[in-house]
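Single-structure report; data block below.
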Amino acid sequence: MIEKMYGEGQDAPASTGVPIFKETESNPGGNQCDISAEASTPLRETASPSEQAPGGDAAEKFPCEMEQKPVWNRPSAYDWSKKPLCRTVKEPLESDRKDTVFALLMFICGYFFCRFVLDSGLGFGTTLFYGLFAALSFVYLKRPGKLPKGSTLCFIFATLSALNFSLFANPHIQMFNLLFLMGCVVYEMALLSGTRVESKLGGCFPADMLNQGLFVAFRNFFNNFRILFSRKNKKDQTLLAILVGFVIAVPVLTVIILLLIQADAAFEALTSHFSFWFRSEIGRFLFWLMPSILVGCYLFGLLYGNRYRRQTQCITEEKVTNLRQTCQKLVPAVFGTTLALVCAVYIVFLAIQVVGVIESYEAGQPLSVSYAEYARRGFFELCGLACFNLLIMGGAWLFTSVKDKRPLSQRILFAVLSVETLLLILTAVGKMILYVNRYGLTQKRVYTLWFMTTMFLFFCALLASQVKKLPLTRIAVILCSVSFLILSYSNVDGLIVRYNVDAYQSGRLDELNITTFYTVPAAALPEAVKVYEKISGDSDLKEELGQFIISTRENLEYLDWSSLDLERLRARGIEIPSGL
């Protein structure tokens, strides 16, 4: 048989580690394989009698069909380094007592998230949920030794983000802050467990977020149920039974208590002080029960996958590098031509702007239109151009073929386009400042100024990277995180109200727009009371302020504790002026 496989004068390998093909009476042609312990042992020169006999042990062990019959006289036709997969063995889950306990705790965390974050609004409840989940994840993933590099900074960012929910009441910033907090938590899991695609914060950061947020979490989605119902943890199923019994008892007790209240007046009097709360909480519990289970599965899947490094290699650094090399197919001349034409157009535009301003001042007319029209016209177009320039340079970086380093011509064009973008940003910011001086601050104007300032700083770093190699991805991530936290802690609502009130009282604003107060009610209430008390006599402004004060105080009284924050609590304690 060996001579048939290798031919005359050829020696069999000492060890193959692959299925042994045998031509017997029960296996004519030798197209069935034997996956047995003998497959990893040296091949014998002659087959044993048990292998030659029909119905022997070797003929009964896992027969499988090969896609193509091997050519026996050509040893190179079969790749001995690859083992054919005759059947897929489902790998059992690793688990211990800690996994069982945390599988249950994540269901509780899921209910906390649905009840106190999604249902009640973003306030004290969000900070409480983060504190609970951060403590549990640290206990579950903590390994002996020092904390991984970078995890402390990420933890600081996440903690500052979570505390902001308990301090300020801006709903627009809080929505983005929730996304920022979730991103910090997901990346912190990879840091604590050492499962990042790249060992440092670099170009693989988007791949890390995609891998952790989607693949690791969802490919381990139902592992908590698999662990709780596994035979290995049969003793621990008592905890699950108690939890299931509690869930079943909730609707049963609800029906029983409601019927007992209607059946007896004494029992109704006993439960009257908490009957309304009981009914509302039971309704919320039943409504959020299924979403809580799904959130608990996601959270435990994220933790379990990182602890056991299960499904964490869906995206690897090698795959990201291969993807980059696949995309970098265009020669530098393609984007070089595009960048050169774009830079030329911007030079003409900026030259026209300078000449127009000089001619206007020489003619004695600084602006041919009003300040408001000048500031409003072209502002958003300039902001869009700044973002579009970033996309152009990103496309050139991604799709241009590079051997060792970027061509000098491309780096020069990047530098010129960065300088032109900085000038466009300065022009747009100048327009917005003129508009704010004329009409006051609003939330959109503050957010736009913050965004353009962040873009300006990033393009400065991009310009510097053309001279000296800098970790742009790391700079971008840290810059965006720090600038967003500064925006969150700047109390945008209070800033808007204070600026508009001061500008109105000093005469810079012709009128005080009360409509902006309704967009920031908690921050505007203290200033509205001060302005109301300073206005003497009856006026339309005083009447509008009085209506705002009354409606805001009424709305604040009905807020749940989990949606409150220090700003709303401070607004609750303000005394309403006499006469309202």
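Need a quick list: helices (runs of 4 or more DSSP H) entirely within the stretch 434-551 having at least 2 residues that are of a type outside the set (Val, Ile, Thr), buried (at least 16 other Cβ atoms within 10 Å of the Cβ) and free of Cβ contacts under 8 Å to residues at least 60 places away in the same chain.
Working: elements: 443-465, 472-489, 492-506, 515-519, 521-534.
The helices (runs of 4 or more DSSP H) meeting that bar are 443-465, 472-489, 492-506, 521-534.
Report, by residue number, each residue of the stretch 94-128 that is over 23 Å from the mean Cα position of the chain (by Cα), in a loop (DSSP other than H, G, I, E, B) and either surrounded by 23 or more Cβ atoms within 10 Å (Cβ to Cβ) or hydroxyl-bearing (Ser, Thr, Tyr) (or both). Steps first, answer last, please.
Quick first cut of the stretch 94-128, residues over 23 Å from the mean Cα position of the chain (by Cα) only: 94-101, 104.
Right, trim to in a loop (DSSP other than H, G, I, E, B) and you get 94-96.
Of everything in the stretch 94-128, just one residue is over 23 Å from the mean Cα position of the chain (by Cα), in a loop (DSSP other than H, G, I, E, B) and either surrounded by 23 or more Cβ atoms within 10 Å (Cβ to Cβ) or hydroxyl-bearing (Ser, Thr, Tyr) (or both), namely Ser95.
In the stretch 175-185, is there at least one residue being at pLDDT 90 or above, β-branched (Val, Ile, Thr) and open to solvent by 20 Å² or more (accessible area, probe 1.4 Å)? Walk me through it before giving the result.
Of the stretch 175-185, the ones at pLDDT 90 or above are 175-185.
Checking the rest, the ones that are also β-branched (Val, Ile, Thr) come to 185.
Next, from what is left, pick out any that are open to solvent by 20 Å² or more (accessible area, probe 1.4 Å): 185.
Yes - at least one qualifying residue is present in the stretch 175-185.
Which residues, counting only those in the stretch 552-577, are under 43 Å from the mean Cα position of the chain (by Cα) and assigned to a loop (DSSP other than H, G, I, E, B)? Give the derivation first.
First pass over the stretch 552-577, keeping only residues under 43 Å from the mean Cα position of the chain (by Cα): 552-576.
Passing the criteria: Tyr558, Leu559, Asp560, Leu564, Asp565, Gly573, Ile574, Glu575, Ile576.
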Discussion item. Any residue that is more than 20 Å from Asn437 (Cα to Cα) and touching a Phe, Trp or Tyr at 6+ places or on another chain (Cβ under 9 Å) - is there at least one of those in the stretch 507-521?
Written reply: yes
Item to complete: Go through the residues of the stretch 288-308 one by one and say whether even a single one is β-branched (Val, Ile, Thr), under 23 Å from the mean Cα position of the chain (by Cα) and within 20 Å of Phe205 (Cα to Cα).
Response: no
Worksheet item: Thr312 versus (1) buried (at least 16 other Cβ atoms within 10 Å of the Cβ); (2) assigned to a helix (DSSP H, G or I); (3) under 26 Å from the mean Cα position of the chain (by Cα); (4) not aliphatic (A, V, I, L, M): which is the lone unmet condition?
Response: (2)
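The values are calculated or read from the model by the stated rules, or taken from the named source; none is laboratory data. This one's a predicted model, so the numbers in the text were calculated from it and none came from an experiment. Glycine gets a Cβ as well: all are built from the backbone with ideal geometry, and neighbour counts include every protein chain shown. These accessible areas exclude ligands, DNA and RNA; they are computed on the full protein's heavy atoms, side chains included. Shrake-Rupley method; radii C 1.70, N 1.55, O 1.52, S 1.80 Å.
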